[in-house]
Amino acid sequence: MIPDDAGPLATLDRRADHRDVERALLAAGWTACGAGDWAIALRSPDGTAAARISPFDPTGPYAAALYREAAHTRQVPRLFEHRRLAGGGDLQVMEWLRRVPEAEAGAFQRAIARASGEVAELAGIIREVHERARRELPWCGPLDHNPANVMRTADRRLVVTDLFYADGPDLYRAAATDPDRVVARIPQHERRFMTDIPLASTGPWEPGEKEAMRAALAAADERRRTMDVKDVNKRVIEQFRAGGEIEGMHRDRLLLLTTTGARTGNAHTTPMMFHRDGERLLVIASNAGAPADPDWYRNLVAHPAVRVEIGDKTYAATATPLTGDDRSREWAAITEAYPFFVDHEAKAGRDIPVVELTAAA
């Protein structure tokens, strides 16, 4: 359970970024207690919890996943709250930890590396989460075996933290020298504050470096926006069906939806991300925040019979736009998982439709 001192977080909406979180906690009496290359840390007024706040951290969800999945081992910190922040930031609120002598910490790390003794189960979970991150995350680095990542809890448990990290030198080198590659692999909404990380340990930023990187990424974003959408979709469809890597997208978050044209009756295939809620398969008619619904949505309203390609499966389905409380519940879950949809809806000025795709009998 999150400490009462973190109550101000409950007042922040899904558009909150790292600066909003820091201001809210400082106003509630939390105090600065450290900074690294990727994040700053604040301590709760009662001293029992710490908040790790990063402007940009692709690996944050994987660290949170480890803390949840390995919680029963008691060899990871108790995680009170995790949330993705607008612009690609990350917040983790966890129990307060203390430093451990280097020799003791090193022995704990070596035991994890060998998957031996009492840490064997923990080591297996670490391996599974890291493999997941390496599959899904551009520029995911190897495990960080720094002894400083082993710490002690108030009840004297040894725990391991911050094992996963993005390969910062390679990522930021690419942002400076090949921004089109970064833009193709990391969506804009997930790297808005990429140049705002503290770099407290290896920094500071060189004069003008951040401004130059922002300008280069903005120019690459503009080049990508002006690409012909039909050509982009055609390439994505070809790569999806070929079974290989899909440039700029995660295959496991993508499906192909074939609809029947509302006016022409012709078949149209569109690549799009999806959201799962148990057995439900949902797609979101965001149209990147445009005022009008996308063509594929207007098609399925006229012709609900569609074809779905997901993973290695292809099947006929029925498309049903959600309404009322059902739509509200799913929209809340979708925007919790993907906060950028909140910005899309505000920009669009319309209720963004959520559509369930049900396999035909």
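The values are calculated or read from the model by the stated rules, or taken from the named source; none is laboratory data. Computed from a predicted model, the values in this text were never measured in an experiment. In this analysis, Cβ positions are derived from the backbone assuming ideal geometry, glycine residues included, and neighbour counts consider all displayed protein chains. Only protein heavy atoms, including side chains, enter the accessible area calculation; ligands, DNA and RNA are left aside. Shrake-Rupley method; radii C 1.70, N 1.55, O 1.52, S 1.80 Å.
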Practice task
Can you grab the distance from the C-alpha centre of the stretch 284-342 to the C-alpha centre of the stretch 139-154, Å, no decimals?
Solution key: 39 Å
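Run lengths n ≥ 4 of DSSP H only: what is the helix-derived mean residue ellipticity at 222 nm for the chain, with -39500 (n - 2.57) per run over all residues, to the nearest 500?
Details: 11 runs with 129 residues, N = 361.
The per-residue figure over the chain is -11000 deg cm²/dmol.
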Problem - Peptides ranked, highest mean first, by Cβ atoms within 10 Å: ranges 51-60, 71-80 - result: 51-60, 71-80
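What do you reckon, how do Ser201, Ser44, Ser328, Ser116 stack up by accessible area (1.4 Å probe), largest on top? Don't skip to the end; give the middle numbers.
Working: Ser201 90, Ser44 5, Ser328 65, Ser116 40 Å².
Solvent-accessible surface, decreasing: Ser201, Ser328, Ser116, Ser44.
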Exercise for the section: For the stretch 93-113 and the stretch 166-196, compute the distance between their C-alpha centroids and round to whole Å. Expected result: 31 Å
Practice task
Provide Glu247, Glu121, Glu309 ordered by accessible surface of protein heavy atoms (probe 1.4 Å), highest first.
Solution key: Glu121, Glu247, Glu309
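Please say if the stretch 90-202 is rounded, prolate or oblate, where rounded means a/c under 1.5 for a ≥ b ≥ c the square roots of the C-alpha gyration tensor eigenvalues, and otherwise the choice is prolate for a/b larger than b/c and oblate otherwise?
Details: a/c = 2.37, a/b = 1.82, b/c = 1.30.
Prolate shape, in that a/c is at least 1.5 and a/b is the bigger ratio.
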Practice task
Under 1.5 on a/c is rounded, so check that first for the chain, then, if it is not, pick prolate when a/b is larger than b/c and oblate when it is not; a ≥ b ≥ c are the square roots of the alpha carbon gyration tensor eigenvalues.
Solution key: prolate
Fill in the blank from the handout: So for the stretch 221-306, using the alpha carbon gyration tensor with a ≥ b ≥ c as root eigenvalues (a/c under 1.5 gives rounded; past that, a/b versus b/c decides prolate or oblate), I'd call it rounded
Fill in the blank from the handout: For Arg329 the rounded accessible area (nearest 10 Å², probe 1.4 Å, non-protein molecules ignored) is 150 Å²
Fill in the blank from the handout: Descending packing, highest mean Cβ count within 10 Å first, for 212-218, 190-196 is 190-196, 212-218
Handout entry: Carbon/sulfur fraction of accessible area - the chain, other protein chains in place, 1.4 Å, %
Key = 51 percent
Handout entry: Heavy-atom surface of the stretch 113-265, accessible at 1.4 Å and reported per residue (Å²)
Key = 54 Å²
Problem - Solvent-accessible surface ranking, highest first, for Trp96, Trp30, Trp331 at 1.4 angstrom - result: Trp96, Trp331, Trp30
